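Bear in mind that the values in this text are calculations on the coordinates, not laboratory data. Since we're looking at a predicted model, the values are computed, not measured. All Cβ positions, glycine included, derive from the backbone under ideal geometry; neighbour counts span all protein chains shown.
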């Protein structure tokens, strides 16, 4: 550690001082990262982080636009329907929280569509 400090104080940049004391990294490895991490994988990770930051900014922008549109829609609804309460208008304007359909969230329609054994084996009524 002392030698690295002396080299940095002598004017070498951090990376050169570190490399001169510990030697070059082995192919396919980056020191302090372990095996499997390469310079190109770190660059890819950085690119993914940049895309995610841009995505987060876009989502925030769209959320702000949506809030603005909700405000305009509330005003229009109140002008067209003066008898509506603020709560009724807010209930109409609030976005519905729905999740994408999947097999586990299939609506239970057994009341309207009987199961096959129920439709073919109904008890006789007297």
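Okay, here's what the table says:
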quantity	calculated
Order of 7, 49, 31 under a 10 Å beta carbon neighbour criterion, fewest first	49, 31, 7
Separation in nanometres of the label points that stand 7 Å from Cα toward Cβ, at residue 69 and residue 6	6.7
Rg and Dmax of the stretch 43-94, Cα atoms only, in Å	17.9, 59
Which of 67, 6 has the fewest Cβ neighbours within 10 Å, and the rest in rising order	67, 6
Computed Kirkwood radius, in angstrom, where 1/r is averaged over Cα pairs of the stretch 17-77	15.6
